[in-house]
There are 2 protein chains.
Amino acid sequence: MNVLEKIVNSVANFSKSERKVAEVILANPQTTIHSSIAALAKMADVSEPTVNRFCRRLDTKGFPDFKLHLAQSLANGTPYVNRHVEEEDGPEAYTAKIFESTMAALDSARHNVDINTINRAVDVLTQAKKISFFGLGASASVAHDAQNKFFRFNVPVVCFDDIVMQRMSAINSAEGDVVVCISHTGRTKNLCDIAAIARENDATVIGITAYDSPLARECTLVLSLDVPEDTDMYMPMASRVAQLVLIDILATGFTLRRGSKFRENLKKVKDSLRGSRFEKKDFPA
Amino acid sequence: MNVLEKIVNSVANFSKSERKVAEVILANPQTTIHSSIAALAKMADVSEPTVNRFCRRLDTKGFPDFKLHLAQSLANGTPYVNRHVEEEDGPEAYTAKIFESTMAALDSARHNVDINTINRAVDVLTQAKKISFFGLGASASVAHDAQNKFFRFNVPVVCFDDIVMQRMSAINSAEGDVVVCISHTGRTKNLCDIAAIARENDATVIGITAYDSPLARECTLVLSLDVPEDTDMYMPMASRVAQLVLIDILATGFTLRRGSKFRENLKKVKDSLRGSRFEKKDFPA
DNA sequence: AGCATATTTGTAATTTAATTACAATAAGTC
DNA sequence: GACTTATTGTAATTAAATTACAAATATGCT
């Protein structure tokens with residue numbers, strides 16, 4: 001657990017002098033990790049053993065060990081106290097906060113994602129006759145992204161962000177087809193219907209959605225991303241980024257499974273784009 | 001910079017004994033931060049001063065300082081040595097690598113993005129009569145995402161992923177209109193043309209693209225994201241995620257600038273979606 | 001209130017760890 | 001093969017952290 005948080009949480013158990021130490025550390029954490037115990041003691045106006053006792057109280061082996069823990073906490077860009085955008089935040093503040101909370105969300109997703117399911121999803125995808133990506137609203141752009149990725153693999157892939165098209169496509173699906181439904185909440189009614197229809201028509205349905213949601217129950221395979229809910233009223237940003245990363249992972253797994261010959265093919269697709277671009281030599285840095 | 005990387009990169013400048021130290025540290029970084037200089041020296045089968053010299057060579061003040069840096073590097077989920085997906089990687093490996101390299105890219109983008117330009121972009125966007133998002137190929141999904149975000153703000157916003165529509169839209173733009181062109185490389189010819197056309201018609205053109213690229217030169221304002229180039233042949237994943245985060249930042253800046261009354265309006269939009277969803281109570285966990 | 005106990009804090013001694021200075025060895029050069 | 005330079009290790013020194021103990025402060029009880 002983060003040492004900074006720990007200090008804040010256990011401030012109640014501290015004695016008067018220990019609290020002085022805590023204050024100084026919380027005020028200048030960066031300085032602390034480069035100070036000796038003597039220097040810190042002086043800053044907090046306490047004795048050296050007090051600082052040492054303070055460290056032990058936080059379940060560290062001593063001052064040097066404490067500094068190590070502190071350094072680790074600070075390394076994560078200090079996303080410790082409050083990383084939510086506030087009314088009065090300036091551009092630096094909200095930029096930093098959004099970057100940091102996105103990174104934190106990815107880290108959380110990384111630890112929660114089920115590798116086994118990913119592997120099975122890759123299995124299913126590699127054997128698919130046709131792959132369809134369906135998403136609505138904000139998830140539509142994720143579906144588009146997925147289509148773009150898999151399209152390069154020279155696999156029959158479609159993507160619809162329109163309920164009617166999705167429905168038609170789902171009805172026409174057959175065994176061997178894979179339908180990927182993307183929804184953060186997993187509560188979008190229309191998408192649940194479509195997942196059900198696809199399954200009735202023997203398609204394999206992969207859900208990139210919340211665990212145990214209505215949509216999840218309609219799916220053959222559920223890839224749930226446990227991202228800390230962004231409470232702000234704007235949009236579920238972090239979860240969408242996590243979804244994109246997940247799709248990238250599936251695509252990567254796909255290419256790896258297909259072997260090296262396949263990857264040469266990929267390079268061709270990439271090269272084919274060259275004609276539409278300015279060459280680097282045309283615009284030297 | 002990450003100490004682990006630094007060790008790997010500067011292994012050429014090391015002497016024989018120093019290399020031994022490097023190997024031991026790279027093999028057990030976690031052990032290292034809890035070892036004394038004597039213990040580490042013994043593990044690497046060198047003398048203590050050699051370890052100390054090793055630390056200094058990496059621009060640290062000494063062994064304790066080195067441990068601090070090492071601890072910080074390890075804190076970031078160890079995204080250090082080789083975070084590129086390899087042929088023989090299993091699901092755990094490539095999943096971890098993709099998450100980590102994405103996070104590393106975000107971190108890098110965070111440190112390189114120019115807050116000043118962000119602020120100016122927000123200025124421009126808040127005053128726009130109409131906002132258009134243009135992207136092609138992989139960047140199209142980013143444009144869609146942007147449209148989706150800004151649409152909620154009740155601002156006239158459009159998004160085209162089709163050259164012809166983009167062209168028509170660009171020609172019809174007028175003073176006060178803002179055109180946001182999204183391209184990772186900044187070398188897509190068609191998009192450069194469109195940026196030029198939009199500018200000729202007095203629109204403000206914001207580019208989310210590479211610094212000093214052909215597209216960048218056509219723009220009024222350039223938001224460049226310095227993301228470490230993903231060298232794999234698959235797709236520029238990391239940069240796209242960074243673009244999304246950037247757009248989220250712009251959207252956040254936008255809402256903050258508009259004040260609290262505006263944000264109540266946002267909540268209404270969100271509430272309006274409720275009808276299309278299953279309520280939580282319908283599906284208790 | 002006053003005594004006794006427990007807790008907190010600091011001083012000084014001790015121990016441990018890290019650094020420096022210097023000597024020896026190994027590597028490279030003419 | 002002798003000379004020079006770079007590398008490595010030994011031993012001494014210095015700095016830092018910890019421990020043991022004593023003083024001070026706070027707490028509880030009659």
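The values are calculated or read from the model by the stated rules, or taken from the named source; none is laboratory data. Computed from a predicted structure; not experimentally measured. Glycine also receives a Cβ, built like all others from the backbone with ideal geometry; neighbour counts cover every protein chain displayed. Protein only, heavy atoms only, side chains kept; ligands, DNA and RNA dropped before computing areas. Shrake-Rupley method; radii C 1.70, N 1.55, O 1.52, S 1.80 Å.
Summary of values
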quantity: Residue match in the range B:63-80 (condition: part of a loop (DSSP other than H, G, I, E, B) and more than 30 Å from B:Ala251 (Cβ to Cβ)); calculated: yes
quantity: Filtered residues of the range B:124-148 (kept if in contact with a Cys (Cβ under 9 Å, 6 or more places away or on another chain) and open to solvent by 30 Å² or more (accessible area, probe 1.4 Å)); calculated: B:His144, B:Gln147, B:Asn148
quantity: Count - residues of the range B:1-58 that are surrounded by 17 or more Cβ atoms within 10 Å (Cβ to Cβ), within 9 Å of DNA strand C (Cβ to nearest atom) and not in a helix (DSSP H, G or I); calculated: 1
quantity: Counted residues, the range B:149-162 - those being more than 10 Å from chain A (Cβ to nearest Cβ), touching a helix residue (DSSP H, G or I) at 6+ places or on another chain (Cβ under 6 Å) and open to solvent by 40 Å² or more (accessible area, probe 1.4 Å); calculated: 1
quantity: Helices (runs of 4 or more DSSP H) wholly inside the range A:100-189 that include at least 2 residues being of a type in the set (Ser, Thr, Tyr); calculated: A:115-126, A:138-151
